[in-house]
Amino acid sequence: GRIAIVTGGGTGIGQATALQLAAEGAKVVVMGRRLEKLKETVELAEKAGTPVVPMAGDVAVEADCIKVIEETVKKFGTVDLLVNAAGIGGPSDRMEECTMESVRNVFDINYFGSYMMVKYSLPYMQKQNRGSIVNIASIDGMMGYDCESPYAATKAAVISMAKTVATENGANGVRINAIAPGWIDTPMLDVAIENYKKAGVEVTKETLRNGSMKRPGLPSEIAEGACWLLSDEASYVNGHTLVIDGAKTLS
């Protein structure tokens, strides 16, 4: 099986993608800031008979990114697949009201975390002339959305990064793509709804701007897209952003 690293593997899209990859036969390392945050993923994988390997590491810390990649290579010999799913929502305020500390924090995790994981995984993929990477972005990185300027900017950045890395590679067998989900039913969505309520905006998962399907997506629906992009079935897809949003961008 292929060797995969999934950041943010403890919940949401990261967890669903890790479990799907393991079910498809990959050897999966799930990365999270604390091992206890990965416990549920480990238990679900074991229950399914497709175990995963938990590794503690903060994507915002360069040494942690290097450590997890090196430990993966030490254990399995290489890295074939990388999914950058770790992320936070950041401040839900107008730009002039966001503190620079909160802006830098969301960039450290959402953008620089993904950047460092790609940077330090690439040499192993280039050496073997094989590799596939998926950055979990957001439609916020493709369209305007109230009170989301730091988050949206980080997601636009990981989309742009995927395009640039795709042009630098490809001929060497390494591909990179992004996924832009709409609202997805994850813990991050719960936090967003609470933040809206604090700002005086009453919304539920059903009344959010979800597009024509009138519901948030499921983590498993994003995982299916990620696993396809990582697979040989998508061998000619490179530098692409796959929108999975229930037609939200059309509404």
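The values are calculated or read from the model by the stated rules, or taken from the named source; none is laboratory data. All figures in this text were calculated on a predicted structure; none of them were measured in a lab. Note that we place each Cβ from the backbone using ideal geometry, even for glycine, and neighbour counts take in every protein chain shown.
Only one of these is among the acidic types (Asp, Glu) and more than 18 Å from the chain's Cα centre (by Cα): GLU62, GLU24. Name it.
Just a single option satisfies the conditions, and that option is GLU24.
Quick check on LYS27: is it in contact with a Phe, Trp or Tyr (Cβ under 7 Å, 6 or more places away or on another chain), within 23 Å of SER132 (Cα to Cα) and at pLDDT 95 or above?
Yes, satisfied.
Go through the range 36-63 and report how many residues are surrounded by 15 or more Cβ atoms within 10 Å (Cβ to Cβ), outside any loop (DSSP other than H, G, I, E, B) and of a type in the set (Gly, Ala, Ser).
2
If we keep just the residues of the range 137-180 that are polar (S, T, N, Q) and farther than 23 Å from ARG2 by Cβ, which is surrounded by the most Cβ atoms within 10 Å (Cβ to Cβ)?
In this case the residue turns out to be SER138.
In the range 87-122, which residue that is of a type in the set (A, V, I, L, M, F, W, C) and in contact with a Cys (Cβ under 8 Å, 6 or more places away or on another chain) is surrounded by the most Cβ atoms within 10 Å (Cβ to Cβ)?
MET117
Identify the single condition in (1) part of a loop (DSSP other than H, G, I, E, B); (2) of a type outside the set (A, V, I, L, M, F, W, C); (3) touching a residue at least 12 places away in the same chain (Cβ under 8 Å) that LYS155 does not satisfy, given that it satisfies every other one.
So the condition that LYS155 fails would be (1).
State whether the residues of the range 17-30 include one that is surrounded by fewer than 21 Cβ atoms within 10 Å (Cβ to Cβ), in contact (Cβ under 8 Å) with a residue 24 or more places away in the chain, assigned to a helix (DSSP H, G or I) and of a type outside the set (Gly, Ala, Ser).
So far as the range 17-30 goes, no, none of its residues is surrounded by fewer than 21 Cβ atoms within 10 Å (Cβ to Cβ), in contact (Cβ under 8 Å) with a residue 24 or more places away in the chain, assigned to a helix (DSSP H, G or I) and of a type outside the set (Gly, Ala, Ser).
Does the range 206-251 hold any residues that are touching a Leu at 6+ places or on another chain (Cβ under 6 Å) and among the small types (Gly, Ala, Ser), and which are they?
GLY225, the sole residue that qualifies.
Does the range 212-248 hold any residues that are over 25 Å from VAL118 (Cβ atoms) and part of a helix (DSSP H, G or I), and which are they?
Hit for the range 212-248 is LYS248, nothing else.
Could you tell me which numbered condition CYS147 fails, if it satisfies all but one of (1) part of a helix (DSSP H, G or I); (2) at positive phi?
(1)
For GLU148, indicate whether it is within 28 Å of ASN210 (Cβ to Cβ), touching a helix residue (DSSP H, G or I) at 6+ places or on another chain (Cβ under 8 Å) and acidic (Asp, Glu).
Yes, satisfied.
Out of the residues in the range 225-248 that are touching a residue at least 24 places away in the same chain (Cβ under 8 Å) and loosely packed, with under 15 Cβ neighbours inside 10 Å, which is nearest to ASP140 (Cα to Cα)?
ALA247
If the requirement is being of a type in the set (Lys, Arg) and in contact (Cβ under 8 Å) with a residue 40 or more places away in the chain, which of these qualifies: ARG130, ARG104?
ARG130
Name the single residue that is nearest to the chain's Cα centre (by Cα) among those in the range 123-136 being surrounded by fewer than 21 Cβ atoms within 10 Å (Cβ to Cβ) and under 15 Å from ALA4 (Cβ atoms).
Among residues in the range 123-136 that are surrounded by fewer than 21 Cβ atoms within 10 Å (Cβ to Cβ) and under 15 Å from ALA4 (Cβ atoms), the one nearest to the chain's Cα centre (by Cα) is ARG130.
Just need a number here: residues in the range 65-120 that are part of a helix (DSSP H, G or I), out of contact with any Pro (no Cβ under 7 Å at 6 or more places or on another chain) and farther than 17 Å from VAL158 by Cα.
Summing the residues that are part of a helix (DSSP H, G or I), out of contact with any Pro (no Cβ under 7 Å at 6 or more places or on another chain) and farther than 17 Å from VAL158 by Cα in the range 65-120 gives 16.
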